[in-house]
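Take a look at the structure set out below.
The values are calculated or read from the model by the stated rules, or taken from the named source; none is laboratory data. Values in this document were obtained by computation on a predicted structure and should not be read as measured data. Glycine also receives a Cβ, built like all others from the backbone with ideal geometry; neighbour counts cover every protein chain displayed. These accessible areas exclude ligands, DNA and RNA; they are computed on the full protein's heavy atoms, side chains included. Shrake-Rupley method; radii C 1.70, N 1.55, O 1.52, S 1.80 Å.
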Amino acid sequence: MHTIDELPEAVSLPISAIYAPVGGGDFVWVVDSADVVSLRRVRLGAIFDRDRVLVDSGITAGERVVVAGVYRLKDGEQVRVIR
């Protein structure tokens, strides 16, 4: 497990963005330019500020990630992005 200081290129997300299905693993739903979601495996680091988690790998800064309703989505589903 790493801290924010050890991984300055790491991304932080709300814990609600993490999809952890019964079969195991940690994932996020990434939204592409056509507002379609795809599931991506991530490696998690430290939890901080009560509701944030450090993502060590799997996504990069600037990618759009679903932060609510992650257990209702299906791969390839189109979503409405709220800005």
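For the stretch 30-45, filtered to residues that are closer than 9 Å to D56 by Cβ and in a strand (DSSP E or B), the residue that is most open to solvent (accessible area, probe 1.4 Å) is R43. Hey, does the stretch 9-20 have a residue that's farther than 24 Å from Q78 by Cβ, hydrophobic (A, V, I, L, M, F, W, C) and at pLDDT 95 or above? Within the stretch 9-20 (the criterion being farther than 24 Å from Q78 by Cβ, hydrophobic (A, V, I, L, M, F, W, C) and at pLDDT 95 or above), the answer is yes, since at least one residue qualifies.
Any residue at all in the stretch 47-57 that is not charged (D, E, K, R) and not in a strand (DSSP E or B)? Looking for residues that are not charged (D, E, K, R) and not in a strand (DSSP E or B), one finds none in the stretch 47-57, hence no.
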